[in-house]
Structure formats: structure tokens, C-alpha cells
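The values are calculated or read from the model by the stated rules, or taken from the named source; none is laboratory data. The structure presented is a predicted model; accordingly, all values stated were derived computationally and were not measured. In this analysis, Cβ positions are derived from the backbone assuming ideal geometry, glycine residues included, and neighbour counts consider all displayed protein chains. The area values use the complete protein model at the heavy-atom level, side chains included, leaving out ligands, DNA and RNA. Shrake-Rupley method; radii C 1.70, N 1.55, O 1.52, S 1.80 Å.
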Number of protein chains: 2
Amino acid sequence: MRDRKSERHARTRAEILDAAWETARAEGLAGLTLRDVARRVGMQPPSLYSYFASKDAVYDAMFAQGCREFLEGQARTALTGDALADLKAVARYFIGFCTENPTRYQLLFQRTVPGFEPSAESFAVSEEGLKALRGMLAGIGVTDPEALDLLTALGTGLADQQISNDPGGDRWIRLIDEAMEMYFAHISKRMKAGDAP
Amino acid sequence: MRDRKSERHARTRAEILDAAWETARAEGLAGLTLRDVARRVGMQPPSLYSYFASKDAVYDAMFAQGCREFLEGQARTALTGDALADLKAVARYFIGFCTENPTRYQLLFQRTVPGFEPSAESFAVSEEGLKALRGMLAGIGVTDPEALDLLTALGTGLADQQISNDPGGDRWIRLIDEAMEMYFAHISKRMKAGDAP
DNA sequence: CGCTTCTCCTAACACAGTTAGGATTCTCAT
DNA sequence: ATGAGAATCCTAACTGTGTTAGGAGAAGCG
């Protein structure tokens, strides 16, 4: 039978989470206030504690939700088999995801919230996303951990820069393409050199 | 004549700043508390307001000090004239500076403190550091803004990754070298291609 | 209908940054 | 040396934060 009680609970929880995202986008991640969230959903602040054990639990739920969104978008990114083109597509997706919602990026990848650390549960979701990303790259032929680190550094660096400079601009597309070409040339050369003796 | 009054003021101010760095390193940047700083220097919290107008002013002073430290170290980085070697040296200095004191890096480059934005004055010091860095790179032959963005992204990405993975390790030296070789090959190719028609 | 459980409330606490206002002490020209 | 003036440092108190305690009322289910 339908469990009306827990359905209602989940619905309210989602409502609170939405309100939390609203405040976070408006006031910044650190500017998020339980009192503000409560006002938005028409409750008194302590009432939120029926749905989240603490403010950190709210951040944690936002984190997990962000990871899930990342995964969904990732699954929609079509690959062609052309390594360089796919590399560009993955990078574009990643940086597009980051710039689309800087608050979310900040929470997921910059870990900029004062004392917050994702719970084991949420972290697992995050790991799943990374695994999928790594799978994509392996499909392209990038498996060397050092090369992967290089690529990761390039990706997060570009995203950071993009967000702090002109989020929403499109100069970054050129920059990403250039970066990926640079990276592709590098690993191609290395693979030709035959690093596995 | 010696102005004993302002000397004493400056001395106490420096003392407070040191205490602030101590707490920041121990508790994290966001965990810095005026009450904690006051306890460390043997004062009551409100007394700090004779030296700093607000908590943000403390962050601001820390920011400016960090920038000055960056400049000093930068001036000590000797260049040889060999472009690739110099590129590596600059990158190593940058990332060494970042990993040496992650708290300082966080304040200077990640801007992770809740509502803090550096004042115009402190920001000027920061700009001076960037100008010097840009000068170094120009000396090596890197002036193309897009190439510079690419390099910046690579540098901050590597620093971020290094700090969150194994600060103090030395694997990053290899990674930096590899990154700089990759970057150098890229701009060399581009310059040969003759991007200036 | 009656029992249980959940929801949401008010009151209050601890701990931030910060302000007000007043002793005390230091500095320096007279 | 001494008194005016300024700087230092204090206590008390305010606002806004997250959070806890405890209870009134509604919702759901037999």
C-alpha cells in the first residue's frame, strides 16, 4: 500500500532542499541560513530539524543531488569514437556543468563550505560520477594515472578560471578546445614513444 | 623623531596577525575566530577593534601579507634564459608556494572565506604579484593571453590537486615538469605555425 | 473512535561578530 | 614634573547564527 506518510515527508524534504538551493544561489553557499530557508518554506527554523539533522545535512543532501545531476548529464553526452572529438565533448560537458551553476560547482568540486565534508553515502554518489568519467576517458584511450591527473588539473583549472572570469561567456569553448588539443598531442606523443617497455 | 606610539601599535598589530595565522592554520580559514585570536594574544575580543576594524580587515591584512610573501619568493627565483627550464622553475615556485602553506593558498587564490573580498589596497598588492609573474613569463616568451590563460589554468589546477591529494609529497614535481613540457611543446608549435600574420 | 506518530510551534541556550562607554595608561609639549 | 590628550584595554550588552527541549495539534491507521 502507498505510504502516504513517508511520501509527504519526502515531498516536504524536497521542498526544503529547493528553498536551500534558492538561498544558496542568491546569497552564496556560505550565506545560506536555516532561518532564511525556513522563511521561504513558511516554517519556523527548528521545524526543519524534522527533515534534516543539521545544516550540514542540508549541504550533504545538496551535494548528493548535485552529483546525481552530474551523472545524468554525463550519461547524455554522446561519444563518437573519435578520440580528440570525444575528449573535447567530455571537457565541454564538464566545464559547461561547472559554469552553468557556479554554486553547485563550488559545493561539489571546490569544497568551499566552512566545516562541511560529504557523508560516506553522498561521497559514494560522487565516486560513482568520477568512475563514470574515468570510464569515458578510458574509452577514449586515456588510462595512465599521471595523464589523468594532468587532464583533471587542466579541467578544474579551466573551470575555476572560467567561473571567476566570465561565467556565461563563450570564450571558454575555444580555450577548452585548445587545451584538449594540447593534451591530446601530448599523450599521443607519449604513447608513440612507447612508455611501456 | 621616533614615533613610539605608532611603533607600538604596529608591533601589537603584527602580533595579532601572527595569532590569526596560527588559528587559521590550526582551525582552518573559516574556523578563525576573533575570540580565539584574542585569547592567544591575551586580550578581550573587543580590544582587537583598536587594531582591525572588523574580522574581514584581519583577513585582508593576511591577504596582503601573503601577497607580499609571494612577491619576495618570486624575486628570489633565478631565471637562466632557457625557456623550458625557466617555465619549470616558475611553475615549481608557484606550486611550492601553494603547498607550503595551504591555508595561505586558500586565502590568496581560492577565495574560500565566506564574505571576504580583498580591499582595493590589498588587491593592488596582489595585482603587483600577478604582473611580476606575467613579466617572468614574458621574459620566457609567453605573452599570448590565451596561452597565458591555459598556463594559469594548468598551474592552479595542479596546485589544487596537489593540496587536496598529498600536500608535502614530491610526486608533483614530476607532474609539473610533465605539464610544462606539454605546454612548452604546444606554444612552440603554435609559434612556428606563425600565428601573427 | 482511539491510539500512535509525525509535524510544527514557542522558548531558550551557546557562541559568533560587533558596539558603547568608561577606566587606565602612555606620550609628549609645556 | 606635570597636566592635556590620545591610545589601550576592559566590561556589559546587542544582534544574528545553529541548535535543543518540550509540548500542542493534526494525520494516519487499526
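Here are the numbers:
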item	result
Only one of B:GLY42, B:GLY81, B:GLY31 that is over 25 Å from B:SER126 (Cβ atoms) and not assigned by TED's automatic domain parsing to the domain that holds B:GLY139	B:GLY42
Filter result for the condition that a residue is near DNA strand D (Cβ under 9 Å from one of its atoms), outside any loop (DSSP other than H, G, I, E, B) and outside the structural domain of A:GLU100 (by TED's automatic domain parsing), over A:ARG13, A:ARG25, A:ARG8	A:ARG8
Residue identified as modelled with pLDDT of 85 or more and touching a Phe, Trp or Tyr at 6+ places or on another chain (Cβ under 9 Å) among B:GLU128, B:GLU100, B:GLU121, B:GLU117	B:GLU117
Pairs, first of a type in the set (Gly, Ala, Ser) in region B:159-173, second modelled with pLDDT of 80 or more, C-beta under 8 Å, six or more apart	B:ALA159/B:PHE94; B:ALA159/B:ILE95; B:ALA159/B:CYS98; B:ALA159/B:THR99; B:ALA159/B:TYR105; B:ALA159/B:PHE109; B:GLY168/B:THR99; B:GLY169/B:GLN162
Enumeration of residues in region B:88-98 that are within 14 Å of chain A (Cβ to nearest Cβ) and either free of Cβ contacts under 8 Å to residues at least 24 places away in the same chain or within 10 Å of the chain's Cα centre (by Cα) (or both)	B:PHE94, B:ILE95, B:CYS98
Pair list, Cβ under 8 Å, 6 or more apart: region A:3-16 residue within 14 Å of chain B (Cβ to nearest Cβ) and open to solvent by less than 80 Å² (accessible area, probe 1.4 Å), other residue within 8 Å of DNA strand C (Cβ to nearest atom) and not polar (S, T, N, Q)	none
Per-region count, region A:12-29, residues more than 10 Å from DNA strand C (Cβ to nearest atom) and farther than 22 Å from A:GLY115 by Cα	1
Any hit, region B:63-83, residues being within 16 Å of DNA strand D (Cβ to nearest atom) and touching a helix residue (DSSP H, G or I) at 6+ places or on another chain (Cβ under 8 Å)	no
Residues satisfying the stated conditions in region A:62-87, i.e. assigned to a loop (DSSP other than H, G, I, E, B), without any contact (Cβ under 8 Å) to a residue 12 or more places away in the chain and of a type in the set (A, V, I, L, M)	A:ALA78
Complete set of residues in region B:51-61 that are more than 14 Å from chain A (Cβ to nearest Cβ) and either away from DNA strand D (no atom under 13 Å from the Cβ) or assigned to a helix (DSSP H, G or I) (or both)	B:SER54, B:ALA57, B:VAL58, B:ASP60, B:ALA61
A:LEU137 vs. criteria at pLDDT below 85 and under 15 Å from the mean Cα position of the chain (by Cα)	no
Residue list for region A:36-47, restricted to those being surrounded by 12 or more Cβ atoms within 10 Å (Cβ to Cβ) and either hydroxyl-bearing (Ser, Thr, Tyr) or assigned to a helix (DSSP H, G or I) (or both)	A:ASP36, A:VAL37, A:ALA38, A:ARG39, A:ARG40, A:VAL41, A:PRO45, A:SER47
Within region B:102-114, tally of residues that are hydroxyl-bearing (Ser, Thr, Tyr) and assigned to a helix (DSSP H, G or I)	2
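Okay, residues lined up against (1) at positive phi; (2) surrounded by 18 or more Cβ atoms within 10 Å (Cβ to Cβ); (3) within 16 Å of DNA strand C (Cβ to nearest atom); (4) within 14 Å of another protein chain (Cβ to nearest Cβ):
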site	(1), (2), (3), (4)
A:GLY31	no, no, yes, yes
A:TYR49	no, no, yes, no
A:GLY66	no, yes, no, no
A:ARG76	no, no, no, no
